[in-house]
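Working notes, structure below.
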Amino acid sequence: LSYSFCTLLFTVMDDEFDVEHLITQLYADCKPITEHQVTSLCDRARDIFSLESNVHVVNAPVTVCGDVHGQFHDLIELFKIGGKPPDTNYLFMGDYVDRGYHSVESLTLLLLLKVRYKDRIAILRGNHESRQITQVYGFYDECMRKYGTVNVWNTFTQLFDFMPLTAVVQSSIFCLHGGLSPSLDTLDHIRQLERVQETPHEGPMCDLLWSDPHEDEKPGWGVSPRGAGFTFGADITSQFNRNNSLTLVARAHQLVMEVCFL
């Protein structure tokens, strides 16, 4: 009797997590999934992220996207224009939460798509995928408002620790949220980082999520006005590309009004 009850319980709980249904539901109506469904989703996403390298390999063709910041309807518009997964491959470079009003739904949809089409969508970590930052810029408050408990925020932020830090498209385009680090000369150095942790306040992992190019054309490294990471010149980017047989660095993290090639 006890065994039959447990089997029935797990069957019912598994039936509550129907990936296809939840994706369709979110596309149609911007509403949060249940706390139990969030837990199931993050468990599945963590298993996938755990198998991906710090330098995730992505094949072309792929559409590369910058910050989402809780703008769910803009994310839906992006899929309308570019095509939905799995018809179009996507690489998202971090900052899915904070600032916007629908961080929960935006992050949930991307994770559902990752679980359903793990080889069609790549999800990197941004500087806002952090316990400290999300307590300041809105995601924590949104989780509390929509779920009435800290549990969902804890579940999501624990998952953030497993997200890959960078990606390389077709062995030639280096993609990441922030920028380069004076401690990291090669992709192998990045692969060796221990990423399963809260983003440190300093060091190479921090730099990858926080650094920016210089606003002017001066060379070398500089102190970042953000208080984390560094600023770097075009000469730094060129040397990194030569060291790793790359042709281009693609990044997010900053609002720009036109395309900037590094």
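We did not get these values from a lab; they are worked out from the coordinates using the rules stated. Since we're looking at a predicted model, the values are computed, not measured.
Data table
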quantity	calculated
Integer Hz, Karplus 6.51/-1.76/1.60 couplings in order for the range 198-207, x for Gly and Pro	4, 4, x, 6, 7, x, x, 5, 4, 4
Set of aspartates and glutamates near Lys218 by C-alpha distance (under 12 Å), chain-local residues within fewer than 8 positions excluded	Asp235
Cα pair count fraction exceeding 22 Å, expressed as % - the range 67-221	44
Built amide H within the under 5 Å cut-off of Leu248, gap 5+	Phe174
Mean separation of Cα contacts under 8 Å, 6 or more apart, over the residue count of the chain: relative contact order %	18
Taking the C-alpha atoms of the range 191-249, convex hull volume expressed per residue in Å³	92
Reduced Cα scattering model of the chain, Debye log10 I(q)/I(0), q = 0.10, 0.14, 0.15 Å⁻¹	-0.50, -0.95, -1.08
Under-5 Å amide H pairs with Leu91, H placed in peptide plane, nonlocal only	Thr63, Val64, Cys65, Ala122
